[in-house]
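To keep things clear, I will list the structure first and then write my remarks on it.
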Amino acid sequence: MTDLDLSAHPARVDLTGKVAVVTGSGRGLGLAYARSLAAVGAAVVVNDVDAEAAADAVRLITADGGRAVAEVVPVGSTEAAEALVARAVDSYGRIDAMVTNAGVLRDRVLWKMTDDDFDTVVEVHLRGTFTCVRAAVERMRAQGEGGRIVVAGSPAGQRGNFGQTNYAAAKAGIAAMVRTWAMELAKAGITANAVIPVAATAMTKTIPVFAPHVEALEQEGIAFPDSLRKGEGFGTPEDVAGLVTFLASEASAGITGQCVGIGGDKLALWSHPQEVSVAYADGGWSAEAIAAAWPSTVGRTPETFGIPAPKL
């Protein structure tokens with residue numbers, strides 16, 4: 001772990017002249033992303049299924065001197081993705097960054113999860129990311145000036161999480177798509193990265209160990225303690241927004257195919273799956289040979305799974 005003195009910042013990230021679409025940006029993390037992008041000069045297309053939330057977000061951004069328009073559409077379908085890109089092009093003439101943040105939850109243990117629970121989450125998170133990025137990339141490639149893809153991953157997609165078969169599967173798929181797109185889009189100068197946020201949202205503030213701290217912040221303005229901001233890497237949506245803005249900027253031109261974690265005071269690079277233990281047997285492996293060798297070879301130190309419980 002490295003602690004840095006950030007009192008003296010380098011040159012300011014500038015997105016003047018750039019255009020970004022942020023899905024699910026009427027509130028929460030998405031709103032923080034949209035406001036951060038607009039604050040450094042980007043024109044933003046706000047998206048939400050709630051027209052009032054989208055309109056409020058636009059008002060907040062424009063009141064701060066930024067530029068924003070709203071496109072109210074549920075993310076998932078090709079038609080919705082194309083409408084978002086068209087809104088950017090019609091309003092501002094181009095698109096430079098696609099930030100996919102829209103999501104829903106339908107948490108249930110496996111044996112209680114319905115087809116609709118599974119399909120709804122996969123439709124919005126996984127398919128919605130795919131369709132929005134595909135539509136954006138088509139336009140970016142036609143523009144011929146590169147671009148930035150920033151998608152929303154999750155610790156659940158990296159490690160699994162109880163009751164989230166659908167969500168964890170979608171987020172793991174998003175991480176795999178980023179690694180694939182990094183290869184496919186390199187020639188066009190388009191980068192693709194995933195943000196793995198840990199922040200106080202409608203979902204996380206229901207977790208019992210976080211709830212009193214979130215309530216104290218919202219009602220009394222009491223900042224999160226170091227045990228949260230550093231120990232758990234848990235902060236506010238605004239703490240995550242800087243990473244999204246960085247990845248949408250020219251400053252991140254050499255970064256692609258990465259899953260980057262952020263929350264509170266913590267910034268981290270997630271590893272990608274790789275072989276961690278290997279054994280060989282002449283002529284191959286029978287079931288009996290694997291059973292005999294497993295405890296002393298590849299199975300000696302099994303990989304962990306699940307998101308570790310907070311240590312508060």
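The values are calculated or read from the model by the stated rules, or taken from the named source; none is laboratory data. These figures come from a predicted structure and were not determined experimentally. Don't worry about glycine lacking a Cβ; one is built from the backbone with ideal geometry, like all the others, and counts go over all protein chains shown. Heads up: the accessible areas ignore ligands, DNA and RNA and are worked out on the full protein's heavy atoms, side chains in. Shrake-Rupley method; radii C 1.70, N 1.55, O 1.52, S 1.80 Å.
Going Cα to Cα from Lys266, which lysines come in below 22 Å? Please leave out same-chain ones fewer than 8 positions away. The qualifying lysines are Lys171, Lys205, Lys230, Lys311. Just checking the listed ones, Ala55, Ala136, Ala20: in the Gaussian network model of the chain with Cα springs under 10 Å, the one fluctuating most is Ala55.
With springs only between Cα atoms under 10 Å, which of Pro225, Pro302, Pro197 fluctuates most in a Gaussian network model of the chain? So, out of Pro225, Pro302, Pro197, the one fluctuating most is Pro302.
Counting only protein heavy atoms and using a 1.4 Å probe, what share of the accessible area of the chain belongs to carbon plus sulfur, as a whole percent? The partial results should precede the final answer.
Values: 9030 of 16260 Å².
Answer for the chain is 56 percent, counting heavy atoms of protein chains only.
Report the rotationally averaged projected area of the range 169-312 based on its alpha-carbon convex hull, in square nanometres. Computing the convex hull of the Cα atoms and averaging its projections yields 12.9 nm². The C-alpha atoms of the chain define a longest principal axis, and helix 78-92 lies at about 40 degrees to it.
Between Trp270 and Ile207, the contour length at 0.36 nm per residue exceeds the alpha carbon distance by 20.4 nm.
Just subtract the alpha-carbon distance of Ala289 and Ser77 from 0.36 nm times their residue separation and send over the number in nm, one decimal. Walk me through the numbers on the way to the answer.
Values: separation 212, 0.36 × 212 = 76.32 nm, distance 4.86 nm.
Computed gain between Ala289 and Ser77 is 71.5 nm.
The modelled label-to-label distance for the pair Arg300/Thr62, using points 7 Å beyond Cα in the direction of Cβ, is 6.5 nm. Working ranking of peptides 148-156, 68-76 by packing, defined as the average number of other Cβ atoms within 10 Å per residue, highest first, is 148-156, 68-76.
Between Arg108 and Glu215, what FRET efficiency comes out of the Förster formula 1/(1 + (r/R0)^6) with R0 = 22 Å and r the beta carbon distance, rounded to 0.05? Plugging the Cβ-Cβ distance into 1/(1 + (r/R0)^6) gives 0.25.
Give me the mean projected area, in nm² to one decimal, of the convex hull enclosing the Cα positions of the range 6-79.
Details: hull surface 23.3 nm².
That works out to 5.8 nm².
Accessible area per residue for the range 176-292 is 55 Å², calculated with a 1.4 Å probe on protein heavy atoms, without ligands, DNA or RNA. Suppose we look only past 29 Å in the calculated P(r) of the chain. What percent of the Cα-Cα pairs does that tail hold? The answer is 39 percent, as a whole percent. With contacts taken as Cα pairs under 8 Å and at least 6 residues apart, the chain reaches a relative contact order of 15 percent.
Heavy-atom accessible area per residue, the range 47-160, 1.4 Å probe: how many Å²? Before the final figure, lay out the partial values.
On the way: 5240 Å² over 114 residues.
Normalised by residue count, the accessible surface of the range 47-160 is 46 Å².
Computed packing ranks the peptides 42-50, 227-235, 268-276 as 42-50, 227-235, 268-276, most packed first, by mean other Cβ atoms within 10 Å.
In a Gaussian network model over the chain where Cα atoms closer than 10 Å are linked, find which of Lys266, Lys18, Lys112 has the largest mean-square fluctuation. Looking only at Lys266, Lys18, Lys112, the largest GNM fluctuation is found for Lys112.
Once the Cβ-Cβ distance between Glu145 and Ala251 is put in as r, and R0 is 22 Å, what FRET efficiency do you end up with, to the nearest 0.05?
The formula returns an efficiency of 0.85 here.
When DSSP beta bridges are restricted to pairs lying wholly in the chain, around 10% turn out antiparallel.
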